[in-house]
Amino acid sequence: MDELSARNAESSNQDELLQAPQGLGSLVSQDLQTFHFCFFQIVNKLDERLAIGGPLMSEVASIYFETMKGLWILARSLDQVTGSNRYFSYLRVRYVQISKEIFGRDIEVVAPPLSERPSSPGTAGKKGHAKPSGKAQSSFED
């Protein structure tokens, strides 16, 4: 937990955030089972904290985003070690769900994850990618 907290605190921009899972990966590979349970323990603590709420939604949102950043680092490290995408996939579903249920923001995934780049330039918005949410329709859509 201390190492994850340190990586989370050190990741103040996109480049640092992208590097954080690689640094944590060596620790995760040494004790995969512990980090697996750590991931879900953090998710559970976040759920408990969100259930309490608070007088200032901005305070709750700040806790949510910082915790999600740490969970993203851990999920990417776990996926790197296991050679899967299940931790990140789970986290993405929870992010969308919590955003809607707690913060009233109905969001959709519209692009590849931060750590993955499109296979070729200009592929965002093409078939296979979700379109942004909202009711407004553009005359420029396919």
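The values are calculated or read from the model by the stated rules, or taken from the named source; none is laboratory data. Predicted model only: the values in this text are computed from it and were never measured. Positions of Cβ are backbone-derived with ideal geometry, glycine not excepted, and every protein chain shown enters the neighbour counts.
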Subject >> Criterion: loosely packed, with under 13 Cβ neighbours inside 10 Å and either of a type in the set (G, A, S) or touching a Pro at 6+ places or on another chain (Cβ under 9 Å) (or both) - qualifying residue of S5, S77 >> reply: S5
Subject >> Selection status of Y64, among the aromatic types (F, W, Y) and touching a Leu at 6+ places or on another chain (Cβ under 6 Å) >> reply: no
Original post:
Can you spot a residue in the range 68-87 that is under 14 Å from M1 (Cβ atoms) and among the basic types (K, R)?
Top reply: no
**OP:** Look at R105 and say whether it is touching a Ser or Thr at 6+ places or on another chain (Cβ under 9 Å), loosely packed, with under 14 Cβ neighbours inside 10 Å and not small (G, A, S).
**Re:** yes
**OP:** Please determine, by comparing only the residues of the range 29-66 that are of a type in the set (V, I, T) and at pLDDT below 90, which one is nearest to L4 (Cα to Cα).
**Re:** I63
**OP:** Considering each residue of the range 1-26, count those that are assigned to a helix (DSSP H, G or I) and free of Cβ contacts under 8 Å to residues at least 40 places away in the same chain, and give that number.
**Re:** 10
Original post:
Name the residues in the range 35-61 that are surrounded by 12 or more Cβ atoms within 10 Å (Cβ to Cβ) and more than 16 Å from L91 (Cα to Cα), would you?
Top reply: R49, G54, M57, V60, A61
Original post:
Which condition number does Y90 fail, the rest of (1) hydroxyl-bearing (S, T, Y); (2) under 15 Å from the mean Cα position of the chain (by Cα); (3) exposed (fewer than 15 other Cβ atoms within 10 Å of the Cβ); (4) modelled with pLDDT of 90 or more being met?
Top reply: (3)
Original post:
What's the number of the condition C38 fails, among (1) without any contact (Cβ under 8 Å) to a residue 40 or more places away in the chain; (2) closer than 21 Å to V109 by Cα?
Top reply: (2)
